[in-house]
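Computed from the coordinates by the stated procedures, all read-outs in this text should not be read as laboratory data. Remember, it's a predicted structure, so these values are computed and weren't measured experimentally. Every residue, glycine among them, receives a Cβ derived from its backbone with ideal geometry; neighbour counts consider all protein chains shown.
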Amino acid sequence: MWRDPKKIKNWTINTASEYYGVNKWGVNYFSINDTGDAVVTPMGNKNGPQISLHEIAKEVEDRGLAMPVLLRIENILGSQIKLLHDTFNKVIKETGYQGNFKGVFPVKVNQQEKVLESVAKYGKSYNHGLEAGSKAELIAAISMLDNRDAYLICNGYKDEEFIDLGLNAVKMGLKCYFVVEVPGEIDVILQRAKDQGVRPLLGLRTKLTTQAEGQWSESGGDNSVFGLTISQMIDVLDKLKDEEMLDCLHLLHYHIGSQIANISDIRAGAMEACRVYEELVKEGANMQIMDFGGGLAVDYDGSNTNFHSSRNYSIDEYCYDIVESIITVLDKNNIPHPTIITESGRATVAYYSVLLFNVLDVSSFNPHPLPEVLPQSTNDLLENLMATYEMVSPKTIQECCNDVLFYRTQSRQLFKHGQISLREKGLAENIVRHILIKISKLSVTLKHPPRDVHYIDNLLYDTYYGNFSLFQSLPDVWAINQVFPVMPLHRLNEAPARPAIISDITCDCDGKIDHFADFEHDRSRLMLHDLKEAEEYYLGVFLVGAYQETLGDLHNLFGDTNVVSVNVHEDGSYEMTEELEGDSVSDVLEYVEYDIKAMKVRLKQLTEDSIKKGFITAKDRKGILNGFDEGLRGYTYYEKDQV
Ligand SMILES: *Cc1c(COP(=O)(O)O)cnc(C)c1O
């Protein structure tokens, strides 16, 4: 596109909106305003209050919190919880469904205290509960949930301590359910319940044969590690009958994976699970609740397809499919409709966090001007390259493509064998780039561009160095090639001129983003703006609220980023409800078991020794030690000069 002068000349914010895809993945939350800033409308209503993310980024920096910053927009979390409940309630009303809907938030998707606090706050009026998969998550959940009408669902492996925690919650009147995931668990649960004199609230996790396509397909199907097979389920039923505890079994649960892109998998899973539910009723269990697990996907690339970073359905369709599956299966035998629970994590929190960072530098593919005279050389490589450059024309373009790639290889060979010098190699690289650019620009004007033009275009990109760590802030980009939308936070009314990939500041060659949301192609370059001399260039990575924070790691010892939460008011004003400072250098060193005091002692010894040996003066030593102290207190990311 950078080669297409027409597109660039007629660039508007609508072009930007389409190009970056925000008109699709931004749903009702993100868009571009008239001045070309990325904006958020956190009530999920484009006519509602709107704030500029560029303004927020600048304001956060003015307050002394450096980039990168993870921005949480609280109201979006509220809007998403409301959307889920409103949609289910609408469908329930329209279909005449007899039960009701209660959501739970799976803690593992984002365990941060502030996140759970917000879920509890915004979920209160809907009795939105929590799902915990470990002891730590359960304790966190109990501490946040004082709502006795909300559900607290316990999945995962449970030891005695886990079970006691849950039984205590039941004693206090909380609706805390144990979902039996593995056969051995039931004995421990029954024993502890008997010891404590509590009737436990029980659920079973069924292993469905339905398997959803995508990243998490192994979570479902016969090969999934979690859940009970039908025969194991029968064993548990028999045990409960023997112990006269069958009345404690109320809930059936399944989870066939996250980010289920295809609605037909959702429907197939729901239908199969409803059949199991029906049979449990027939077995005499006191069934009341059907828990459909997670899986509600987020359309990260905006394509609305069954591609793994998308989904081919709306929330409406999701709710309809679940409700209709239950009605279809259970009405045949007049079985009462259960309470519906879903454990949507990703869809609840993804939209609410945006990673903001500044660009530090650009390594450009722009060549230096062509040399006026070529240096004397022992071979004719440079002459050949210049001749190729001169020759590029509509008729010879294919031949020039072949030639330039041939000479490019040849220059590498010659250099390796000592036949051209470093400066000659540099000149050759430079002329090659001129040729590639000339070919690329000419090919836009041709009806039949050369067949290699994609290959050539892919060689022409800038590297934008972003002030962030992929491993800390976007681990799924590295681990599972997840696509997150990326867009500049400003200048969106200007045509971006440079095709780019984005590198982070870890010195790991995997620390880069070179896959971008695009609903038509596999896009490996993103158009970005030229940097301006005295102006910061900010980028945002959107929809990062799910899974990224705790999965992130300390690669290269880049720590947690600064976090800012904002809450937007109806009148368009907003307040920063929380500023959390990210890790300092000493924090991350302590994570990897350094003893800061002992380090300081060693640094003192080294500097003392340097005085003794005459390398530095006593005054130098003071400055050096102050430098270490400041370094230890500092942010792990690139800091601008602090005046
Ligand atoms: C991970 C998980 C979820 C959350 O899934 P999403 O696709 O993020 O909604 C829900 N339930 C269970 C049991 C899980 O393991």
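Selection among His417, Gln376, Asn47 by position relative to the dipole of the chain gives Gln376 as farthest towards the positive end (Cβ unit charges, Cα centre).
Among the GluC sites (Glu not before Pro) in the stretch 527-616, those placed in a DSSP loop whose Cβ has at most 15 other Cβ atoms within 10 Å are Glu533, Glu570, Glu581, Glu593.
Here's how it looks for Ile32: its modeled amide H is under 5 Å from those of Val39, which are all 5 or more places away or on a different chain.
With all pairs of separate Cα atoms included, the stretch 335-460 yields a Kirkwood hydrodynamic radius of 18.1 Å. Taking Cα pairs under 8 Å and at least six residues apart, what relative contact order does the chain come out at, in percent? Relative CO of the chain lands at 16 percent. Both numbers refer to the Cα atoms of the stretch 208-311; Rg and Dmax are 15.7, 53 Å. Can you figure out the FRET efficiency of Thr550 with Asp514, using R₀ = 30 Å and their beta-carbon distance, to the nearest 0.05? Efficiency computed from Cβ-Cβ geometry: 0.75. Computed on the chain, the Cα convex hull volume stands at 217 Å³ per residue.
Spacing of the modelled spin labels on Ser610 and Leu446, each 7 Å from Cα toward Cβ, amounts to 5.9 nm.
If the segment from Lys241 to Asn168 were pulled out straight at 0.36 nm per residue, it would be longer than the present Cα-Cα gap by 23.9 nm. Note on the stretch 422-454 and the stretch 253-328: Cα centroid distance 51 Å, given to the nearest whole angstrom.
Applying 1/(1 + (r/R0)^6) with R0 = 30 Å to the Cβ-Cβ distance of His454 and Glu317, what FRET efficiency is obtained, to the nearest 0.05? Computed FRET efficiency for His454 and Glu317 comes out at 0.25. The magnitude of the dipole of the stretch 224-310, with charges of +1 and -1 set on the Cβ of Lys/Arg and Asp/Glu and taken from the Cα centre, is near 240 debye.
When only Cα pairs below 8 angstrom with a gap of at least 6 residues are kept, the stretch 130-174 shows a relative contact order of 47 percent. The label point for Glu590 and the one for Lys416, both projected 7 Å from the Cα toward the Cβ, are 5.1 nm apart.
Can you tell me how much longer the chain between Asp629 and Val601 gets when fully stretched, taken as 0.36 nm per residue apart minus their C-alpha distance, in nm with one decimal? Full extension from Asp629 to Val601 adds 8.9 nm.
Simple point charges give the picture: +1 on the Cβ of Lys and Arg, -1 on the Cβ of Asp and Glu, and for the chain a dipole about the Cα centre of about 1140 debye.
Remark: the stretch 381-457 carries a charge dipole of roughly 160 debye about the Cα centre, counting +1 on each Lys and Arg Cβ and -1 on each Asp and Glu Cβ.
Here the sum of -39500 (n - 2.57) over DSSP H runs of 4 or more residues, divided by the residues of the chain, equals -12500 deg cm²/dmol at 222 nm, to the nearest 500. What the Kirkwood sum gives for the stretch 512-559 is a hydrodynamic radius of 14.1 Å, with every pair of different alpha carbons counted. On the basis of the beta-carbon distance and an R0 of 56 Å, Lys6 and Thr378 show a calculated FRET efficiency of 0.75. Each residue of the stretch 196-203 is assigned a 3J(HN,Hα), and the resulting list reads 8, x, 10, 7, x, 9, 10, x Hz, derived from the Karplus form 6.51 cos²θ - 1.76 cosθ + 1.60 (θ = phi - 60°), x at Gly and Pro.
Computed extension gain for Ser264 through Asn286, at 0.36 nm per residue and net of the alpha carbon distance, reaches 4.9 nm.
The count of lysine pairs in the stretch 381-457 that are at least 8 places apart or cross chains, and whose C-alpha atoms lie under 27 Å apart, stands at 7. Candidate cross-link partners of Lys612 among the lysines, defined by an alpha-carbon separation under 29 Å and a same-chain spacing of 8 or more, comprise Lys597, Lys600, Lys604, Lys622.
In the chain the longest region clear of trypsin sites (Lys or Arg not before Pro) that are loop-assigned by DSSP and have at most 15 other C-beta atoms within 10 Å covers 149-394. In straight-distance terms, cross-link reach from Lys93 covers every one of the lysines whose alpha-carbon lies under 28 Å from its own, apart from those fewer than eight places away in the same chain; here that gives Lys46, Lys82, Lys102, Lys121, Lys124, Lys175, Lys282, Lys332. Under the simplified labelling scheme, the Asp331-Ile230 pair shows an inter-label distance of 2.5 nm, with each label point 7 Å from Cα along Cα→Cβ.
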